[in-house]
Amino acid sequence: MPQAYRNLRDAPHPLLDCAAQASCSSFNRWTFPLNSARQGTQTLGKTHASMPLKAAIVPVTPFQQNCTLLWDEETKQGAVVDPGGDLDRIDAAIKKIGLTIEKILLTHGHIDHAGGAAEFKATHGGLPIEGPHPADKVLLDGLAAQGLAYGLSGARNVTPDRWLNEGDTVTVAGATFSVLHCPGHSPGSVVLFNAAQRFALVGDVLFRGSIGRTDFAYGDHDALIEAIKTKLFPLGDDVAFICGHGPMSTIGDERKTNPFVA
């Protein structure tokens, strides 16, 4: 969750697919070719030979967490990132786009990001779950309790099939993402970076104009700022990212204007 929470519906983004949102009652989505994220375009029906992945954001849970679908437009194979809940909405998006989901990726162990992962795995043929870093095991082991604390029903504890560490890689439809361990918001938060497309999934590490909360017992503000400045900023100003809540941004915009790290 960001320091200053934003509701997605109150923060439109130039890549918002308004037609798709208006035409589908079961979920709201932003969908775009990832190469358009830095350009502010809406070439939603196009793909690029060197940039095959597309993404759709499905806001889930009362926290409006940006559950993200990533896929190859040609094969329609892909992954779901942070299925925190509202699995019916996620399934509706998958069906509407016509995807075959190969795996589940988790950026960290908070209820709004991981609360639905175990059920999603169980209802989709035992899909493998990758991430987060093992330092978030205590959070994943306590998801059911987190759900009770926040009044969210259906959350289940989960153990990933693969923990992710700094320097690991994950693949989505043939595209490779590097793993960056970025603790602070949670001990095991990870960022997934695709160098070829200059794109990252940052979870709740960094937001447009804000950063992840660190006022938890396990939070570490200094570690979060250190991770952002030493791991995310060096990726390059042109790198676009999807964060866990609110609109997309770029590393350059946040480096220059984000009051928490600028």
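Within region 155-190, the set of residues being without any contact (Cβ under 8 Å) to a residue 60 or more places away in the chain and among the aliphatic types (A, V, I, L, M) comprises VAL158, LEU164, VAL179, LEU180.
Exactly one residue out of ALA223, ALA196, ALA227 is at pLDDT below 95 and either surrounded by fewer than 24 Cβ atoms within 10 Å (Cβ to Cβ) or under 18 Å from ASP136 (Cα atoms) (or both), and it is ALA196. Scanning region 58-94 for residues that are closer than 19 Å to LEU152 by Cα, surrounded by fewer than 19 Cβ atoms within 10 Å (Cβ to Cβ) and of a type in the set (Asp, Glu) yields a single hit, ASP88.
So which residues in region 154-174 are basic (Lys, Arg) and in a loop (DSSP other than H, G, I, E, B)? Result: ARG156, single match.
Applying the condition of being of a type in the set (Gly, Ala, Ser) and in contact with a helix residue (DSSP H, G or I) (Cβ under 8 Å, 6 or more places away or on another chain) to region 230-262 and asking which residue is surrounded by the most Cβ atoms within 10 Å (Cβ to Cβ) yields GLY244.
For (1) part of a loop (DSSP other than H, G, I, E, B); (2) modelled with pLDDT under 95; (3) hydroxyl-bearing (Ser, Thr, Tyr); (4) over 24 Å from HIS181 (Cβ atoms), each residue gets a yes or a no:
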site	(1), (2), (3), (4)
VAL80	no, no, no, no
ALA93	no, no, no, yes
LYS103	no, no, no, no
HIS113	no, no, no, no
VAL138	no, no, no, no
LEU148	no, yes, no, yes
LEU152	yes, yes, no, yes
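In region 118-138, of all residues being under 18 Å from LEU192 (Cα atoms) and among the aliphatic types (A, V, I, L, M), the one that is surrounded by the fewest Cβ atoms within 10 Å (Cβ to Cβ) corresponds to ALA135.
Close Cβ contacts (under 7 Å, 6 or more residues apart or on different chains) running from residues in region 191-207 that are under 22 Å from ASP112 (Cα atoms) and in contact (Cβ under 8 Å) with a residue 40 or more places away in the chain to residues that are of a type in the set (Asp, Glu) and surrounded by fewer than 24 Cβ atoms within 10 Å (Cβ to Cβ) are absent.
The condition of being at pLDDT below 50 and closer than 29 Å to GLY109 by Cα holds for only one of LEU53, LEU44, LEU15, that being LEU15.
The values are calculated or read from the model by the stated rules, or taken from the named source; none is laboratory data. These figures come from a predicted structure and were not determined experimentally. Note that we place each Cβ from the backbone using ideal geometry, even for glycine, and neighbour counts take in every protein chain shown.
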